[in-house]
There are 4 protein chains.
Amino acid sequence: MLVNMSSGATRQEIDHVIERIKECGFQAHVIEGAERTVIGAVGSSGRRSEIEALRAAPGVEAVIQIATPFKLVSRQLRQTRTVVDVSGVRIGAEDLVVMAGPCSVESREQLLETAQAVKASGARLLRGGAYKPRTSPYDFQGLGVEALRFLKEASEATGLPIVTEVMSEVDVETVAEYADMLQVGARNMQNFSLLRKLATVSRPILLKRGPSATVKEWLLAAEYLLAGGNANVVLCERGIKTFETATRNTLDLAAVALVKELSHLPVIADPSHGTGLRSLITPMSKAAVGAGADGLLIEVHPCPERALSDGPQSLDLNGFAELMKELRKDPLRVIRAA
Amino acid sequence: MLVNMSSGATRQEIDHVIERIKECGFQAHVIEGAERTVIGAVGSSGRRSEIEALRAAPGVEAVIQIATPFKLVSRQLRQTRTVVDVSGVRIGAEDLVVMAGPCSVESREQLLETAQAVKASGARLLRGGAYKPRTSPYDFQGLGVEALRFLKEASEATGLPIVTEVMSEVDVETVAEYADMLQVGARNMQNFSLLRKLATVSRPILLKRGPSATVKEWLLAAEYLLAGGNANVVLCERGIKTFETATRNTLDLAAVALVKELSHLPVIADPSHGTGLRSLITPMSKAAVGAGADGLLIEVHPCPERALSDGPQSLDLNGFAELMKELRKDPLRVIRAA
Amino acid sequence: MLVNMSSGATRQEIDHVIERIKECGFQAHVIEGAERTVIGAVGSSGRRSEIEALRAAPGVEAVIQIATPFKLVSRQLRQTRTVVDVSGVRIGAEDLVVMAGPCSVESREQLLETAQAVKASGARLLRGGAYKPRTSPYDFQGLGVEALRFLKEASEATGLPIVTEVMSEVDVETVAEYADMLQVGARNMQNFSLLRKLATVSRPILLKRGPSATVKEWLLAAEYLLAGGNANVVLCERGIKTFETATRNTLDLAAVALVKELSHLPVIADPSHGTGLRSLITPMSKAAVGAGADGLLIEVHPCPERALSDGPQSLDLNGFAELMKELRKDPLRVIRAA
Amino acid sequence: MLVNMSSGATRQEIDHVIERIKECGFQAHVIEGAERTVIGAVGSSGRRSEIEALRAAPGVEAVIQIATPFKLVSRQLRQTRTVVDVSGVRIGAEDLVVMAGPCSVESREQLLETAQAVKASGARLLRGGAYKPRTSPYDFQGLGVEALRFLKEASEATGLPIVTEVMSEVDVETVAEYADMLQVGARNMQNFSLLRKLATVSRPILLKRGPSATVKEWLLAAEYLLAGGNANVVLCERGIKTFETATRNTLDLAAVALVKELSHLPVIADPSHGTGLRSLITPMSKAAVGAGADGLLIEVHPCPERALSDGPQSLDLNGFAELMKELRKDPLRVIRAA
């Protein structure tokens, strides 16, 4: 870490910082520049958080963190790519893995029809919401355990493993009974109590990026899972909040490419939430593949205009079949038959 | 609600939308414009979410929501301002209520010293974190129940009621035993499981705005609390995420003024998190008062440069006394002695 | 346009709006909803801006624009795609057009070496800055006319047409003498004086999206050019400003896909400025192609670590050759030999 | 400046950077940390931009700028506050200076009526747009020179000096003939050609912050003016673009407080553009005063609902009189009679 003294810092203020750096178990290296002094805190066993607090000491302008803040998720620690196995489907390996299904599970029929169709088109996992995080308390909140049962049935009927969101620590065990992979929704990315609970579960986790999370914050949320004992984490870019209103969110595909550089974890993209517009799902799916995504998460509904949530960003069954055909033309990633 | 047809919509597409609007329990009013057709869905008892889904129907360009999405928090419903009573301290009444204390409770001594000092300077509530949401799993996570005990002791010693964050549904009852007011942190603003639990608690809630929440989303999060049965809600603006990096967040004081226009709930501001810079706390506290805030939340630490969290944005004990002196010069709001 | 009355609007306020709508040359269609009244202003020949101003009338909550604000750039007006011919290179046709070269023209040698190399690798246009918009007045501001002469020479030596930025109305004629295509930089996207001048020039324009421009604002900037008489406009997405700091900007590829839906104009992407990181140029170039971009703008420098501007986001000559090889593997767009 | 080597940097890569630092005229100070090496470039006479380019050298992770990038605008250079005199009105001195008038000059009558009224209420400068930067080419673009003549007449009638926007280099001399202060609009903040021209003019400049400009970029734009010879610069915060759509922009009052800390230049706030909502102008004006603003820029129109631009964010004549009364209650700043 580097402590950047302000240009008017006194000798005494500089000495105080040097002393504190030593007290915290680091060596202090001083660079006296033309305009100001910078002091490096060097060593691996000191108390880092106390150096950060020096930002509050007189004469200090900034404390600059130099080391990477995440460890277990980092490619510095682990050079080989992690492949996450979800009941036999390998995410992060050579295949592009497409997960598809309705935003919300609305009925047994809706789900089974969708599951059969997406399976036939080449999806490898079935998605579907049982517990729905809704901005308004007056919107449809999901069918809960009943939906989980429908998901299980659809999985047995099609052979597709299930990924579904868990919103509450209290529900983690129940959801883990039914689902093959547990999803942390974007709005819960920094629900650290939920992350800590999920770190102890024997199911892989799909961790969506928060709508205002930096790549660093996102990787540190994953670090909670790995540090707590769950190494089977797949990251999912789903768009960030920006000033642009023509799309629901801004799908940040450079984050996909950057995460693949910084971390060994697989990363997928969600062009449905990422754009909010059905007509953009196909071009942005191709774009995600170009950026290096290991998979896609696509909302599919038999009749989007009657969907209880997210209809405008859902493909219908034919639309999904068309998308899969388009993706197969792309030789960058092989999509094998399920 | 209004369904805005695209300029190329066919007669058949328009008729389909009209039919669906009727099926959903609304009347359909058609406006045929020069360039396109707009169809109003009129009525109070129809199924709104199904109209929203029409966005996915062919020929539809947008569905525009006209009615206010929140009800119980709205001034349309309730003209008189809500005053929230926190163990005798009235928030939203004539006084400006300043809540102060350390970001984290670090020790019995640190807390008691701070509590005595902020009380002497005029604070009306004591804040202090027992459970800390930290971006990194390797940072100090709070003392938990031990901190709650220290808070209770400090409250008894000073007479100041306590406000502290609860991060997990599972901890709600424990925290409610010790604290007078429960805080929902910014990153949990849309943790709907936590909100539903807090709706059932007999303690007032301090609901911080999420770093990427619109004013509408923030009020809808409060609506979860009111709809669930807890009407004692105070809102807290604490800065939003923007491209600006010179400050930690961008304190959105227009949101304070706007919330006072839209809602009957009290609203306070947190210039510590809102700016991340100690030197900006005093000007932005005055600014918040100018914008109409009912109170302030200020981080205070006996020795910020040794704080385990948020030192750079904490005032020391003298700094807080100075701030309170400055605020007393401002006649817009009376700060009575505690 | 629709005038959305507030829920408490009086009969008198509603009547006043109806009257004004008629005064402005429109018909007024009233929808009385359960909660509020909406009034449509219908007609093609009224004075739109006066309806917008009704937002300021008592009892009005919002004025909603329904019609598309842009005309000449819109696909509603013109269904066939525009192909822009830049001295024989067709942008917006079947080929992916890669424009490459240094951020700044620094010397005759640097430019000629780069031009020969990018030509050999398959670039179709040569880019290079003669006038540089720099955040600081103390940074290198470009070689001006001397750079234009080097560009001309490089063009003659390689056969590659030239694209270069013009920053000032006063320089438009000079730059147009040397360059085949004139670039409007991101920070000048809403320099309307410059746009009006460029509308009168007989050169195609490359219009970069402003770092905080919505897609709508961007298309309206293009509308200035078309309305002023210059129909040869290529749009360029180069990243927007968001809270993310790991990349220089956030490359908004959904905007590329959306612009292709809304407009007949060609659109290209600039992954150099869009990410600011050399290692992300190749994945984001592929992503841009997947999203439907008609071309790419790539910064290339013989020795990026000695570049006078934007070295960190420039490929070296080998790096560019590698990128072009990667792009040729992608069958979605054919890159023909130059 | 500090060069932060990546954790896997080789000895050779480190040596190369050290060598380059010396070649560029700096001394190199090496800090070998536990995880990585940091190299300081020390000295005042080296070639900074070449050190920045080292970001592109192998093994380099980041180049960190330590010194303040702006000089002449900085309080480090000049401790005493600049007071800008606009034809006798002193901005940055003890008085709060309120500038008021219509967004656009629409007619002689509209302007004279407004000028008389705002003068009577206590405004000190008259604002009014002659050249209007409009997002759409089909919106009212201003009356140009005719408006300048009306402004001159209104100034002579009331004694209020004039501030008006200049959009084009070509118009600078004409506008300077009529106006007492020239405004650079938000969208032209980084129109460096215009800034260079204005640096040579003998009129004070009002420099609005760009909607996506960081505080640093804003101060560097001001640096262009001072470096070019015009020291009479007043900064104006007018809101930045964020994800929030309830207000037109997000008025960043912390930027006002921060600029007063970093620079000796006066800074004012524009709550009209900053919020876009008339009802928020008064609270946000008070907030701006609390944050330390030296003045306010307020849009006033005799009949906002008939304004040709920005009606919804304009006060009418009574509304402005009310605002001035409210501000006079605030003892933090004295508003003397004009």
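The values are calculated or read from the model by the stated rules, or taken from the named source; none is laboratory data. Treat the numbers as computed from the prediction; the structure is a model and nothing was measured. Backbone-built Cβ (ideal geometry, glycine too); neighbour counts: all protein chains shown. Each accessible area value is taken on the protein alone, full model and side chains, heavy atoms only, with ligands, DNA and RNA left out. Shrake-Rupley method; radii C 1.70, N 1.55, O 1.52, S 1.80 Å.
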Exercise for the section: Report the full-extension gain for the segment B:A120 to B:S279: residue separation times 0.36 nm, less the Cα-Cα distance, to one decimal in nm. Expected result: 55.1 nm
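Per residue of D:215-227, what is the mean number of Cβ atoms on other protein chains within 10 angstrom of that residue's Cβ?
Partner Cβ neighbours, averaged per residue: 3.
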Problem - 66 Å tail of the calculated P(r), the protein assembly as shown, as % of Cα pairs - result: 4
Problem - the stretch D:162-205: proportion of alpha-carbon pairs further apart than 12 angstrom, % - result: 51
Exercise for the section: Report the label-to-label distance for A:T174 and C:E177 in nanometres (one decimal), using points 7 Å from each Cα along the Cα→Cβ vector. Expected result: 7.8
Practice task
For chain C, state what percent of all Cα-Cα pairs lands in each successive 10 Å bin, counting from 0 Å until the bin that includes the largest distance.
Solution key: 6, 24, 29, 19, 10, 8, 3, 0
Problem - For the stretch D:131-178: rounded, prolate or oblate by the Cα gyration tensor [a/c cutoff 1.5] - result: prolate
Problem - Threshold 20 Å² - residues in the stretch A:252-275 whose accessible area is reduced by that much or more when the chain is no longer isolated, probe 1.4 Å - result: A:D252, A:L253, A:A254, A:A257, A:L258, A:E261
Fill in the blank from the handout: With all protein chains present, the stretch D:48-190 has a carbon and sulfur share of its accessible area (1.4 Å probe) in percent of 46
Problem - Alpha-carbon centroids, the stretch A:63-100 and the stretch A:183-244: separation in whole Å - result: 12
Completion exercise
dims of the stretch A:32-117, Cα set, principal axes, largest to smallest, nearest Å -> 70, 32, 26
Completion exercise
Only helices counted: for chain D, with every DSSP H run of 4 or more residues adding -39500 (n - 2.57) and the sum spread over all residues, [θ] at 222 nm is -10000 deg cm²/dmol
Exercise for the section: Can you tell me the FRET efficiency between B:A67 and C:S107 if r is taken as the Cβ-Cβ distance and R0 is 60 Å, rounded to the nearest 0.05? Expected result: 0.40
Fill in the blank from the handout: Rounded to the nearest whole number, the Stokes-Einstein translational diffusion coefficient of the stretch D:179-226 at 4 °C and 1.567 mPa s (Kirkwood radius, C-alpha pairs) in µm²/s is 122
Practice task
Tell me the label-point distance for the pair A:Q12, B:K329, using the 7 Å Cα-to-Cβ offset, in nm and rounded to one decimal.
Solution key: 2.6
Fill in the blank from the handout: By the Kirkwood definition, with r running over pairs of different Cα atoms, the stretch B:79-123 has a hydrodynamic radius in Å of 12.3
Problem - Largest-first principal axis extents, alpha carbons of the stretch C:23-79, Å - result: 40, 24, 18
Exercise for the section: From the P(r) of the stretch B:207-302, can you give the percent of Cα pairs sitting at distances over 20 Å? Expected result: 33
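In square angstrom and rounded to 100, what buried accessible area do you get between chains A and B, total over both, with the probe at 1.4 Å?
Roughly 4200 Å².
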Problem - Axis proximity, chain A to B: residue whose C-beta lies nearest, plus whole-Å distance - result: A:S212, 2
Practice task
Report the Stokes-Einstein translational diffusion coefficient (µm² s⁻¹, integer) for the stretch D:252-304, Rh taken as the Kirkwood radius over Cα pairs, at 10 °C with viscosity 1.306 mPa s.
Solution key: 139
Handout entry: Peptides ranked, highest mean first, by Cβ atoms within 10 Å: ranges B:256-267, A:128-139
Key = B:256-267, A:128-139
Handout entry: Accessible area in square angstrom per residue, chain D, 1.4 angstrom probe
Key = 32
Handout entry: Label point 7 Å beyond Cα along the C-beta direction, distances from B:R11 to other copies (nm, shortest first)
Key = 3.9, 8.6, 9.4
Practice task
With 28 Å as the limit, write out which pairs from B:K119/B:K197; C:K152/C:K197; C:K132/C:K197; A:K22/D:K260; D:K119/D:K241 have Cα-Cα distances beyond it, or answer none.
Solution key: B:K119/B:K197; A:K22/D:K260; D:K119/D:K241
Exercise for the section: Starting from the eigenvalues of the Cα gyration tensor, five times each then square-rooted, give me the equivalent ellipsoid semi-axes of the stretch C:114-253, largest first, whole Å. Expected result: 24, 19, 16
Handout entry: Label point 7 Å beyond Cα along the C-beta direction, distances from D:E32 to other copies (nm, shortest first)
Key = 2.4, 8.4, 8.6
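Expressed as a rounded percentage, what relative contact order does the stretch D:22-112 have, with Cα pairs under 8 Å and six or more residues apart?
13
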Problem - Probe 1.4 Å - accessible area at C:R55, Å² to nearest ten - result: 60
Practice task
Place the label 7 angstrom along Cα→C-beta at D:T174 and in each other copy, then list the distances from the first to the rest in nm, shortest first.
Solution key: 2.3, 7.2, 7.3
Fill in the blank from the handout: Per-residue average of other protein chain Cβ atoms inside 10 Å, peptide A:168-174 -> 3
Practice task
Just the number, please: Stokes-Einstein D of the stretch C:21-165 in µm²/s, Kirkwood Rh from C-alpha pairs, 10 °C, 1.306 mPa s.
Solution key: 79
